[in-house]
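**Student:** I have a structure I would like to understand better, so I am pasting it below and will then ask my questions one at a time.
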Amino acid sequence: MLDLVFDAKTSNWDKLYNRLHDFFLSLKISEDKIERICIACEEVFVNICNYAYQNCRDDTKKDVKIKSEYENNILSITFIDNGVEFNPLDFKKNKIEKKGVEKMKIGGYGIYLVNKIMDNIKYERKDDKNYFYIYKKINSNRE
């Protein structure tokens, strides 16, 4: 299990990437799959850093908790922040599929990408915090 906390600053992505990468390697996940999972994680982390705390009071602790575990062939990664409530799953993915990426306005493509890379994603708001869960099935022989 991996349990981390980082200040919500995009400059912390490299440190987070290294910790995630090492953890995924310890699970014997293939480098190719690790890189795709890390792309999804980067999208989530950067979105939290850029948007979760925009309208928060100055005294709000601005951090991101990241938890990851591997159980029953499922890799789960949870991102937790105490920023403003925002459900990224409310974005209509059909807009991208109907218009095409090149015709999209800025916004929404990152979550679309996360949804394409990962097998399942989920959002919930509880205890005044945003919980964003991403899941990837990893074969029992590890990929």
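The values are calculated or read from the model by the stated rules, or taken from the named source; none is laboratory data. Note that the structure is predicted; figures quoted are calculated from it, not measured. Backbone-built Cβ (ideal geometry, glycine too); neighbour counts: all protein chains shown. Ligands, DNA and RNA are excluded from the accessible area calculation, which covers all protein heavy atoms including side chains. Shrake-Rupley method; radii C 1.70, N 1.55, O 1.52, S 1.80 Å.
**Student:** Where does each of 56, 38 land when they are ordered by accessible area, with a 1.4 Å probe and the largest first?
**Tutor:** 56, 38
**Student:** Oh, and also: Rank these residues by their accessible area, most exposed first, probe 1.4 Å: 49, 41.
**Tutor:** Correct descending sequence by accessible area is 49, 41.
**Student:** Oh, and also: Sketch the reach of a paramagnetic label on residue 61 as a point 7 Å from Cα along Cα-to-Cβ, and name the residues of the stretch 1-42 whose backbone nitrogen lies under 13 Å away.
**Tutor:** Output list for this probe position: 5-8.
**Student:** Tell me the accessible surface of residue 43 in square angstrom (1.4 angstrom probe, heavy atoms of protein chains only), to the nearest ten.
**Tutor:** Spelled out: residue 43, probe radius 1.4 Å, area about 60 Å².
**Student:** At 7 Å along the Cα-to-beta-carbon direction for both residue 14 and residue 137, put a label point, then send me their distance in nm to one decimal.
**Tutor:** My value for the distance between the label points is 3.7 nm.
**Student:** Taking the Cα centre of the stretch 9-58 as origin, work out the dipole magnitude from +1 charges on Lys and Arg Cβ and -1 charges on Asp and Glu Cβ, in debye rounded to 20.
**Tutor:** Rounded to the nearest 20 debye, it is 180 debye.
**Student:** Still on this structure, I have one more. From the protein chains alone at 1.4 Å, what is the descending order of accessible area for 1, 118, largest first?
**Tutor:** 1, 118
**Student:** Considering amide H positions built from the backbone, and no H for Pro or chain starts, which residues 5 or more places from residue 138, or on another chain, come under 5 Å of its amide H?
**Tutor:** So residue 138 has HN proximity to 74, 75.
**Student:** Also, quick follow-up: Using the structure shown, list the pairs from 28/61; 33/122; 33/61; 28/129 with a Cα-Cα distance above 28 Å, or answer none.
**Tutor:** 28/61; 33/61; 28/129
**Student:** Still on this structure: If I compute solvent accessible area with a 1.4 Å probe over the protein chains, what percent of it on the stretch 43-95 is carbon and sulfur?
**Tutor:** Of all accessible area on the stretch 43-95, carbon and sulfur atoms account for 43 percent.
**Student:** With θ set to phi - 60°, apply the Karplus curve 6.51 cos²θ - 1.76 cosθ + 1.60 along the stretch 25-31 and write out the HN-Hα couplings as whole Hz, x wherever there is a Gly or Pro.
**Tutor:** 4, 4, 8, 6, 7, 5, 4
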